[in-house]
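The values are calculated or read from the model by the stated rules, or taken from the named source; none is laboratory data. Not measured: the values here are computed from a predicted model. Neighbour counts are summed over all protein chains in view; Cβ atoms, including those assigned to glycine, are modelled from backbone coordinates with ideal geometry. In case anyone asks, the SASA skips ligands and DNA or RNA and just uses the protein heavy atoms, side chains included. Shrake-Rupley method; radii C 1.70, N 1.55, O 1.52, S 1.80 Å.
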Amino acid sequence: MNQVFIDENQAYQFDFSAALYASDQLNKIYHQCKLSILSDVDFIVETDDVIILIEYKNACIAQAVRPSAFDPMSQKKKNSIAYKFYDTWIYLSATHHKKPVKYVYVLEYPGSDKVTRKMLRNKISDLLPFKLQNLPQIKEKLIHDFEVLSINEWNTHKLYRLFPITPLYSTVSNHHA
């Protein structure tokens, strides 16, 4: 089974060959089931120890339409990233995936840096079920970690670097803060 995927803009390759399982098909599954009300992450990756949910947004590529208009700090965008977790969790739960879940937002946009990604991570984390799963009546940990990383940070992370993100052509303009 091919576990190398291309982003929707045909600019980057995501190589999940080292994973037990990887998919970019949840959107297709939801639409086939007429569940377009649900949103989904771009990729689901399973390793021996964890499930990694990956949402990817790159406003620094040549094909980006009005990259200066992309505002990852808008409440609407932050909510969208959180909804993608919850709506994907429905699928994971229904397919009995019981490994710890890590959610990673791989983000590139003009003016991006480590400090703004950390701020964004903190704001989106408040929308995810970290506090909910600490309630005594909740018996299952829904999410173990959430990170907002640049492509470079992803590619140098001790776990995620096993699944490199690489440009498909040399003219890709990308910001690596």
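When the convex hull of the Cα atoms of segment 87-140 is projected onto a plane and the area is averaged over all directions, what value comes out in nm²? Please list the in-between numbers first.
Values: hull surface 19.8 nm².
Reported value for the Cα convex hull: 4.9 nm².
Classify segment 11-96: rounded, prolate or oblate, from the alpha-carbon gyration tensor (a ≥ b ≥ c, eigenvalue square roots; a/c under 1.5 rounded; otherwise prolate if a/b is larger than b/c)? Spell out each step's value before the answer.
Values: a/c = 1.90, a/b = 1.34, b/c = 1.42.
Taking the square roots of the gyration eigenvalues as a ≥ b ≥ c, segment 11-96 is oblate.
Taking the mean number of other Cβ atoms within 10 Å as a proxy for protection, how do you rank 85-94, 155-164 from highest to lowest? Numbers along the way, then the final one.
Values: 85-94: 16.9, 155-164: 14.6.
Ranked from most to least packed, the peptides come out as 85-94, 155-164.
Here are a few candidate values for semi-axes √(5λ) of the Cα gyration tensor in Å: (1) 22, 21, 15; (2) 25, 20, 16; (3) 29, 20, 16. Which one was actually calculated from the structure I just gave you?
(2)
I'd like to know how segment 106-166 sits against the 2.2 N^0.38 Å rule of thumb: what's its Cα Rg over that expected value? Spell out each step's value before the answer.
Details: Rg = 14.2 Å, N = 61, 2.2 N^0.38 = 10.5 Å.
Compared with the compact-globule rule of thumb, segment 106-166 sits at 1.36.
Excluding residues on the same chain fewer than 8 positions from Lys77, give the aspartates and glutamates whose Cα lies under 20 Å from its Cα.
The qualifying aspartates and glutamates are Asp7, Glu8, Asp40, Asp42, Glu55, Asp87, Glu108, Asp113, Asp126, Asp145, Glu147.
Full extension from Glu8 to Asn155: what is 0.36 nm times the residue separation minus their Cα-Cα distance, to one decimal in nm? Present the calculation step by step, with values, prior to reporting the outcome.
On the way: separation 147, 0.36 × 147 = 52.92 nm, distance 1.94 nm.
Length difference between fully extended and current span is 51.0 nm.
Give me P(r) over segment 65-158, computed from all C-alpha to C-alpha distances, binned every 5 Å, as integer percentages.
The percentages, shortest bin first, are 2, 12, 21, 23, 18, 13, 7, 3, 1, 0.
What is the angle, in °, between the Cα long axis of helix 75-94 and the longest principal axis of the Cα atoms in the chain? Nearest 10 is fine, range 0 to 90.
Long axis of 75-94 versus the principal axis of the chain: about 50 degrees.
How much of the accessible area of segment 19-65, in percent, comes from carbon and sulfur atoms when a 1.4 Å probe is used? Intermediate values should be presented prior to the final figure.
Details: 1200 of 2290 Å².
Answer for segment 19-65 is 52 percent, counting heavy atoms of protein chains only.
Need one number: nm distance between label points at Lys139 and Ile90, each 7 Å from Cα along Cα→Cβ, rounded to one decimal.
2.4
Measure nothing but the geometry: give the 0 to 90° angle between the long axis through the Cα atoms of 114-125 and the longest principal axis through the Cα atoms of the chain, rounded to 10°.
Result, in degrees: 30.
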